[in-house]
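Taking it in order: structure first as structure tokens, then the write-up.
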Amino acid sequence: MVYFLRKSGERRLLLAWFDRSKRDLPWRNTRDPYRIWVSEVMLQQTRVAAVIPYYQRFLERFPDVQALAEAPEAELLALWSGLGYYSRARNLRKAARAIAARGEFPSDYDAIRALPGVGDYTAAAVASIAFGLPHAVADGNVRRVLARLTRGEGDVRALAEELLDRRRPGDFNQALMELGATVCLPRGPKCGQCPLGDICRARAAGEAERYPRKARRAETVRVDQRLLLIRRGDRLLLRLRTEDSRQLAGFWELPEASDLPAASQNQQRGSFRHAIVHYDYRVTVWEAAMARKPKGFRWISPRELAGLPLTTATRKALLLAGFQL
């Protein structure tokens, strides 16, 4: 099926295109496996533009495995706040402790794959980019490129392994990912700029946007939520999510109106939309008052607020209300 790719110069064309067209991203200027690993974890389900400032701040505070292994959880989560999927941050610290205990970053695929929170993709990316090992990645961008090249025929992971350039595996993996991220886009692919355009079966059939075949998406669930700003002097009422919470344990949040039915709601400060997976929240923010502090809540000063990990909805609500975070 991909014989023409193995025997022709398409690998060289793709690598040449990558060498001259790749974006200048901070994690591409290092072979340090720690820094590459951090970038790959941050990039999961997250846009490159959003990751860059987080990546730079994270490495300023935790420049190596030992620093991350010793990180206080609250500080770790505060630095991660806004990136979402917070189990990634906790797993990074768990893995950093395992690496620190062994004395060095593992340099083979199986040992990298065994780290907490590391799956097939991350292990292949770190192994190939940091250590030059011949393991192919198959993220969403790569799957889209290969699905279009073959019009959906064959197993994507097997194709990725078959096509991998063994001499430059890290660059080849990044080239396929870069192609999917900048040229072979989900909508409006730039087929005229593609170094593999002449051998793309979907392009030849005029069907590039039909591939890969899309699974049926879950229906969007719309939720109305009301958050309360309750003050005492310059302090603000917040609570810490505990391990009993369904998610976001360790993060601080504003109370919801349903949590405090006795609160008097005085003035609406505004509203915003907030999406999590297939949930679409319409959040309104209200000034409110309480006669006494409810159990499980704390009065937080502005100085404390700046260093706390806040849920994204709480952060948006506070910015809407004029708080400086």
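Points to keep in mind about this one:
- Residue list for the stretch 248-278, filter: free of Cβ contacts under 8 Å to residues at least 60 places away in the same chain and either on the phi > 0 side of the Ramachandran plot or open to solvent by 90 Å² or more (accessible area, probe 1.4 Å) (or both): 258, 261, 266, 267, 270, 273, 277
- The stretch 214-247, residues that are surrounded by 15 or more Cβ atoms within 10 Å (Cβ to Cβ) and more than 16 Å from residue 316 (Cβ to Cβ): 230, 235, 237, 239, 240, 241
- Residue tally, condition touching a residue at least 24 places away in the same chain (Cβ under 8 Å) and either part of a loop (DSSP other than H, G, I, E, B) or open to solvent by less than 40 Å² (accessible area, probe 1.4 Å) (or both), over the stretch 183-202: 8
- For the stretch 300-320, the criterion of being free of Cβ contacts under 8 Å to residues at least 60 places away in the same chain, on the phi < 0 side of the Ramachandran plot, part of a loop (DSSP other than H, G, I, E, B) and exposed (fewer than 14 other Cβ atoms within 10 Å of the Cβ) is met by at least one residue.
- Pick from the stretch 120-142, criterion at pLDDT below 95 and in a loop (DSSP other than H, G, I, E, B), ranking: most open to solvent (accessible area, probe 1.4 Å): 139
- Those residues of the stretch 148-182 which are among the basic types (Lys, Arg) and assigned to a helix (DSSP H, G or I), in sequence order: 148, 157
- Any chance residue 294 is at pLDDT below 95, more than 21 Å from residue 79 (Cα to Cα) and open to solvent by 70 Å² or more (accessible area, probe 1.4 Å): no
- Number of residues in the stretch 222-263 that are in a loop (DSSP other than H, G, I, E, B) and under 26 Å from the mean Cα position of the chain (by Cα) equals 12.
- Single condition residue 125 does not satisfy, out of (1) in contact with an Asp or Glu (Cβ under 6 Å, 6 or more places away or on another chain); (2) within 30 Å of residue 304 (Cβ to Cβ): (2)
- Qualifying helices (runs of 4 or more DSSP H) (wholly inside the stretch 1-114; at least 1 residues being exposed (fewer than 14 other Cβ atoms within 10 Å of the Cβ) and hydrophobic (A, V, I, L, M, F, W, C)): 3-7, 10-21, 48-61, 87-102
- In the stretch 134-154, the residues that are among the small types (Gly, Ala, Ser) form Cβ pairs under 7 Å with partners that are open to solvent by 10 Å² or more (accessible area, probe 1.4 Å) and part of a helix (DSSP H, G or I), at six or more places apart or across chains, as follows: 136/161; 138/121; 138/156; 138/157; 147/156.
The values are calculated or read from the model by the stated rules, or taken from the named source; none is laboratory data. Just so it is clear, the structure is predicted and the values come from calculations on it, not from any experiment. Neighbour counts run over all protein chains shown; Cβ positions are idealised from the backbone, glycine included. To get the accessible areas, we keep the full protein, side chains included, count just its heavy atoms, and leave off ligands, DNA and RNA. Shrake-Rupley method; radii C 1.70, N 1.55, O 1.52, S 1.80 Å.
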